[in-house]
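Here's the structure, in structure tokens; my notes come after.
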Amino acid sequence: MEDYRRDLDALAQRGMLRFLRTVDGAQGPRVLLDGREVLLLCSNNYLGLAGHPRLCRAAADAALKYGSGSGASRLVSGSLALHEQLEQRIAAFKGTAAALVFNSGYAANTGILQGLSGPEDLIFSDALNHASIIDGCRLSRARTLVYPHGDVAALEDLMKKEQPRRRGRWFIVTDGVFSMDGDLAPLNELVTLKERYDALLMVDDAHGTGVLGDGGRGSGEEQGCLEHIDLHMGTLGKALGGFGAFVAAAQPIIDVLINRSRPFIFSTSLPPAVLGPALTAFELVDSEEGRRRRVALRRNREVFAAPLRAAGLDLCGSTTQIVPILTGAPQPTMDAAAALLERGIFVQGIRPPTVPEGRCRLRATVMADHDPQDLETAAATLVEILARRAQV
Ligand SMILES: *Cc1c(COP(=O)(O)O)cnc(C)c1O
């Protein structure tokens with residue numbers, strides 16, 4: 001035990017200790033944090049669906065009708081009709097032949113890459129991809145080449161070099177919206193490369209699904225290339241306000257995953273109270289209300305980001321509802337987050353290994369139901385706190 005205590009002390013000394021806080025109430029614009037009301041600026045509940053009365057009711061209804069647990073893995077005790085309905089809805093939403101639900105985005109990314117690729121294969125992975133993609137690459141035992149963030153020319157150089165000794169399948173894997181930077185992957189250019197080099201393109205649209213594009217189909221719709229993406233990974237826990245994840249793809253890909261993907265095969269499937277609200281969430285995303293929420297989110301994003309930009313802060317190239325503010329080293333980042341919290345604003349400081357060394361940041365996330373006035377005040381407070389720190 002002593003050695004673990006020493007490890008924790010060492011983390012604390014470097015400003016790198018992580019700890020948990022207690023939140024009361026649904027993930028709305030304001031929450032009670034350790035008993036005190038704060039403005040919530042770090043939730044991925046972008047459309048404000050996590051506390052939506054229709055989703056809450058759908059959860060209760062599904063549990064009352066179908067029970068609280070699914071009982072086993074779907075290969076063991078069967079799929080519920082709700083699993084199948086949800087997968088049909090997701091496939092229609094992304095425009096693919098089929099879809100498969102996973103228990104989380106983490107399970108999906110590890111399970112997709114492990115299920116579809118092996119030691120003969122090659123994965124080209126963006127340098128800023130989510131940790132679950134990195135772990136999926138490891139689990140797959142495929143050779144993985146990491147290309148510099150968003151750098152299509154560097155990626156093509158790698159592909160050219162590899163081409164003569166190619167053996168197995170090739171994959172290009174990228175976040176659609178990068179989770180810690182809020183910028184978009186250059187999807188059209190990646191589509192060109194995947195066609196030129198006969199690779200499969202996998203897009204993790206955890207932060208784009210429900211949010212981007214007129215219909216909320218995600219970063220593929222936003223960039224006009226939805227139908228060229230081979231593997232659409234998305235999560236149900238962020239804009240969709242619930243829990244779980246999915247991949248939408250061609251039928252043979254889904255069938256291979258059912259046969260090989262260990263997180264799918266060896267884990268109890270999502271329960272009714274999770275599946276019911278997910279179906280309702282897709283209905284809402286597809287409705288006029290969903291469209292209104294997307295418009296409000298885009299407006300709120302501008303309200304919050306414009307003054308930060310005007311103050312000369314480095315927003316890491318963000319163009320979305322994820323608005324990082326670069327701060328550099330761990331301790332000043334955590335000090336700024338603490339100062340913000342004192343002023344009633346809850347923003348997380350992000351440190352390695354979530355981001356590269358020296359690239360710590362405050363990661364603010366905007367929601368559709370934030371009050372624009374609150375966002376203006378929060379932005380002004382942020383500018384003030386960071387300016388004061390720059391002076392000392
Ligand atoms: C959150 C996230 C995941 C993991 O999804 P969970 O459902 O939270 O496990 C995967 N990829 C990206 C890019 C994410 O931001």
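Sorting 175-181, 293-299, 349-355 by their mean Cβ neighbour count within 10 Å, with the most densely packed peptide first, gives 175-181, 293-299, 349-355. Separation of the range 192-214 from the range 286-324 is 21 Å, based on Cα centroids. If contacts are Cα pairs under 8 angstrom and at least 6 residues apart, what is the relative contact order of the range 202-330 in percent? About 17 percent, as a whole number. Extending 7 Å from Cα along the Cβ direction at E120 and again at D3 yields two label points whose distance is 4.2 nm.
The chain gives an Rg/Rh value of 0.97, both radii derived from C-alpha positions and Rh following Kirkwood.
What is the antiparallel percent of DSSP beta bridges lying wholly in the chain, to the nearest 5? Approximately 55 percent, going by the DSSP bridge assignments. Net charge in the neighbourhood of F246 (other residues with Cβ under 11 Å of its Cβ; Lys, Arg +1, Asp, Glu -1) is 0. Its Cα gyration tensor gives the range 1-126 an equivalent ellipsoid. The semi-axes, each the square root of 5 times an eigenvalue, are 33, 27, 17 Å from largest down. Comparing V146, V347, V211 in a Gaussian network model of the chain, where Cα atoms under 10 Å apart are tied by springs, the biggest mean-square fluctuation is seen for V146. A crude spin-label estimate for the pair L75 and T22, with each label 7 Å from Cα along the Cβ direction, gives 4.1 nm. Ordered from longest to shortest, the equivalent ellipsoid semi-axes for the range 53-286 are 31, 20, 13 Å, each the square root of 5 times a Cα gyration tensor eigenvalue. Accessible surface of the chain, 1.4 Å probe: 53 percent of it comes from carbon and sulfur atoms.
Summed over the residues of the chain and divided among them, the accessible surface reaches 44 Å² per residue at a probe radius of 1.4 Å.
Counted residue by residue at 0.36 nm each, then reduced by the alpha carbon distance between them, the extension gain from D34 to R292 reaches 89.6 nm.
A 1.4 Å probe, protein heavy atoms only, puts the accessible area of Y106 near 120 Å².
For the range 53-286, lysine pairs with C-alpha atoms less than 23 angstrom apart, excluding pairs fewer than eight positions apart on the same chain, total 4.
When peptides 247-258, 30-41 are sorted by average Cβ neighbour count within 10 Å, with the highest value leading, the order is 247-258, 30-41.
The values are calculated or read from the model by the stated rules, or taken from the named source; none is laboratory data. Note that the structure is predicted; figures quoted are calculated from it, not measured. Every residue, glycine as well, gets a Cβ built from its backbone with ideal geometry; the counts of neighbours run over all protein chains shown. These area figures cover heavy atoms from the full protein model, side chains too; ligands, DNA and RNA do not enter into them. Shrake-Rupley method; radii C 1.70, N 1.55, O 1.52, S 1.80 Å.
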